[in-house]
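The structure under discussion appears below in the form of C-alpha cells.
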Amino acid sequence: MIAIDGPSGTGKSTVARRVAAELNAGYLDTGAMYRMVTLSVLRAGVDPVNDTAVVNVLEGLNFSSPLSPGHQTHLLDGEDVTDEIRGQAVTLAVTPVSANPAVRAWLFDRQQLLAHSGRMVVEGRDIGTVIAPEADLKIYLTADAAERARRRHTQNVGATVGGGLDLAAVAQDLERRDTHDSRRVHAPLQAAPDAVVIDSSQLALPETVAKVLELAAARGIR
C-alpha cells in the first residue's frame, strides 16, 4: 500500500491515480467519501455544523466508492453524483462535516476495509497517520500556497462545477480548509513521522509521479 496525504491543491488525486495506474494497483479517494456524506447532509437540509443532526443523516446512507484509477463514478443511492460532490456547495460544507468525530468513526471501518482490499494507492489527509499507519510507503505531498491556489483555479476553470471562483477566492478557500483541518482535534492534517515529504511547487506532474514511483521501487513496490 502507498499512502498519499497532503493539503488541497497539491495534485494528490492526479498523482495518486497515475501512480496506481503505473503499478497496476487500485486507487481510493477518501476525500470523495467525506464529500458524499456532505452532499447527503445538504440534501437532507441539515446544517453541516450541527454535529448531532449530521450523525442522524448517516443512518441509511448508501454510497459506493470506486477503486479504479481510471474513470471514477461516485454513486449516492444509485445516482451518479461525481460532478456534484466537487461543486462549491459541497466544498464549503465538507470541512465541518469531515471534522465531525462521529462521521470520521463511521467512515473509518469502510476506509480501512477498502484500503486493505489489495494493492492500493490511498489518498487523503489522514491515511498515513490514522487509516493505514502500516502503509509500505507514506508520501506527504505539499506545495507553496500560491502554486496550490493556481493549480486549483486552473482545475476549476475546466470543470463543469466550481469554475466561478477567481484566483483570490480559491486561495482564501484553500487557506480556510487547510487551517481548519490542521487544527481539528480528530485526525488533523499532518505528515506521518515516517512519511517522505515531496514539495511539488517546482515540479511538473510527470516529475512528481516519477519521484513517487522511484520511492516505491526502493521499497520493493513495482
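The values are calculated or read from the model by the stated rules, or taken from the named source; none is laboratory data. All values reported here derive from a predicted model rather than from experimental measurement. Every residue, glycine among them, receives a Cβ derived from its backbone with ideal geometry; neighbour counts consider all protein chains shown. Heads up: the accessible areas ignore ligands, DNA and RNA and are worked out on the full protein's heavy atoms, side chains in. Shrake-Rupley method; radii C 1.70, N 1.55, O 1.52, S 1.80 Å.
Here the contact order of the chain, divided by its residue count and restricted to Cα pairs under 8 Å and six or more residues apart, works out to 32 percent.
The heavy atoms of R17 offer some 80 square angstrom of accessible surface to a 1.4 angstrom probe. Ordering L137, L92, L114 by accessible surface, largest first, gives L92, L114, L137; the 1.4 Å probe counts only protein heavy atoms, with every chain in place. Relative to its residue count, the range 170-222 spans a Cα convex hull of 115 Å³ per residue. Kirkwood's formula applied to the C-alpha pairs of the range 5-120 gives a hydrodynamic radius of 14.7 angstrom. When the helices of the chain are scored as -39500 (n - 2.57) per DSSP H run of n ≥ 4 and the total is divided over every residue, the value at 222 nm lands at -15000 deg cm²/dmol. Averaged over its residues, the chain has an accessible area of 46 Å² per residue, based on protein heavy atoms and a 1.4 Å probe.
Computed on protein heavy atoms with a 1.4 Å probe, the accessible areas place E123, E79 in the order E79, E123, largest first. Here the simple spin-label model places points 7 Å from the Cα toward Cβ, and for D77 and S201 these points are separated by 4.6 nm.
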